[in-house]
Amino acid sequence: MSAQCEVTAKRAAGSSLGVFERYLSLWVALCIVAGIGLGHVLAAPFQAIGQMEVAQVNLPVAMLIWVMIIPMLLNVDFAALHQVKAHWRGIGVTLFINWAVKPFSMALLSWFFIREVFGPYLPPDQLDAYIAGLILLAAAPCTAMVFVWSRLSDGDANFTLSQVALNDAIMILAFAPIVGLLLGLSAITVPWDTLFLSVVLYIVIPVVFAQLWRGHLLRKGGKATLEKTLAILHPLSLTALLATLVLLFGLQGSQIMNQPMVILMLAAPILIQVYFNSGLAYLLNRRLGVAHCVAAPSALIGASNFFELAVATAIALFGFNYGAALATVVGVLVEVPVMLSVVRIVNATKGWYERESASSD
């Protein structure tokens, strides 16, 4: 197994975050400033965009989300599912964290922090919305950025690919029931028709379209054509993310100006759940004797969130002016720095992890 990790480490050498990903928190902060400023100066156009809805789906946002998500899903290869058996222990740990621990731990943390700790300092009519947004953030595992985190931690590429493919398959069936259950337990009204519509629009359709497109590209010119297409689409995907954030903050600017500390308050449960879930996944993998090149991406996949889906669903369920969308965007704001810190932790503890694994064997 150590030889496998050695090969994986060589394959990952030189991998790094692009300029956009490395400074994602800076771009989000700039979007906050730009969105608030533009929303104040161009209030009428922003409100008009916010009202462009059909069946509670905002059409401009739907288009932006598709442009954002589909290039990410082109990376997913469902043919990799046959590799699940080769990494069944690491896969099992990640599935347990992603679907049995993370959404429920976030629901508990959000209830504790939003209602008990910060409740007196937040607008009472937004408490349910903030909790709903945090639950949405944790209800689906990340699809795209985990490939970067895996490379930075010398993770096994085959494990990461098969884990992401399996998570995406499960997400189609499990996202709506988990969100509905946790929102119901939090006494938040669940518009089930809108929730299922969000699953179809932002999971099913993008997954099917991306897989059909991926197959076409591979038949046309192989992996080189796929990589070339991804390189072209990547800037468009990032632009769509930034445009969504500017639109969101343009419509929520007054709320943020009235409560500037709300972002820090919402960040607290997100930070705790990331470190808790990544740490739990890491330790469970060590306990089961899983190689570090699998345990590292397992911990990272277990902690990261599909924030693009969360933002889209929050807007569909609650609208722009409700705090749910803002809560999901805070997840975007903290994503890169907190996940990079987890990468540093798993890399720095590799020697300890392998000594512990050897002694447990």
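Structure values in brief
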item: Using θ = phi - 60° and Karplus 6.51 cos²θ - 1.76 cosθ + 1.60, couplings along the stretch 68-78 (whole Hz; Gly, Pro as x); result: 6, 8, 4, x, 5, 6, 5, 6, 7, 10, 5
item: Packing-based ranking, highest mean first, of 215-223, 310-318, 266-274 given that Cβ atoms within 10 Å are counted; result: 310-318, 266-274, 215-223
item: Distant-in-sequence amide H partners of PHE306 (H built 1.01 Å from N, under 5 Å); result: ALA140, CYS142
item: Helix axis angle, 205-258 relative to the chain longest principal axis, alpha carbon, degrees; result: 40 degrees
item: Packing-based exposure ordering (other Cβ within 10 Å, fewest first) of TRP213, TRP111; result: TRP213, TRP111
item: Mean ellipticity per residue at 222 nm, deg cm²/dmol - from DSSP H runs of n ≥ 4 across the chain, formula -39500 (n - 2.57); result: -25000 deg cm²/dmol
item: P(r) of the stretch 23-360 over all Cα-Cα pairs, binned every 20 Å from zero, in whole percent; result: 32, 58, 10, 0
item: Relative packing of 23-31, 345-353, which averages over residues the other C-beta atoms within 10 Å, highest first; result: 23-31, 345-353
item: Which listed pairs, of LYS85/LYS350; LYS102/LYS350; LYS228/LYS350, have C-alpha distances above 32 Å, in listed order; result: LYS228/LYS350
item: Spatial separation of Cα centroids for the stretch 286-310 and the stretch 259-279, in angstrom; result: 19 Å
item: All-pairs alpha carbon distance profile, the stretch 286-361, 10 Å steps from 0, percent; result: 18, 34, 22, 17, 9, 1
item: Whole-Å semi-axes of the ellipsoid equivalent to the stretch 18-96 (Cα gyration tensor, √5λ, descending); result: 38, 19, 11
item: Net +/- balance of residues flanking PRO206 in space, Cβ distance below 11 Å, scoring K and R +1, D and E -1; result: -2
item: Cβ charges +1 (Lys, Arg) and -1 (Asp, Glu), total dipole of the stretch 23-360, debye; result: 880 debye
item: Residues GLU354, GLU335 arranged by fewest to most Cβ contacts within 10 Å; result: GLU354, GLU335
item: Selected from PRO337, LEU24, VAL164, residue furthest toward positive end of dipole (the chain; charges at beta carbon); result: VAL164
item: Net charge of neighbours whose Cβ lies under 10 Å from the Cβ of THR143, counting Lys and Arg as +1 and Asp and Glu as -1; result: -2
item: Ranked packing of 226-239, 133-146, 159-172, most packed first, by mean Cβ within 10 Å; result: 133-146, 159-172, 226-239
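Each reported figure results from applying straightforward, stated rules to the coordinates on display, with no laboratory input. These numbers were taken from a predicted model, which means no experiment stands behind them. Here the Cβ is made from the backbone with ideal geometry for all residues, glycine too, and neighbour counts use every protein chain on show.
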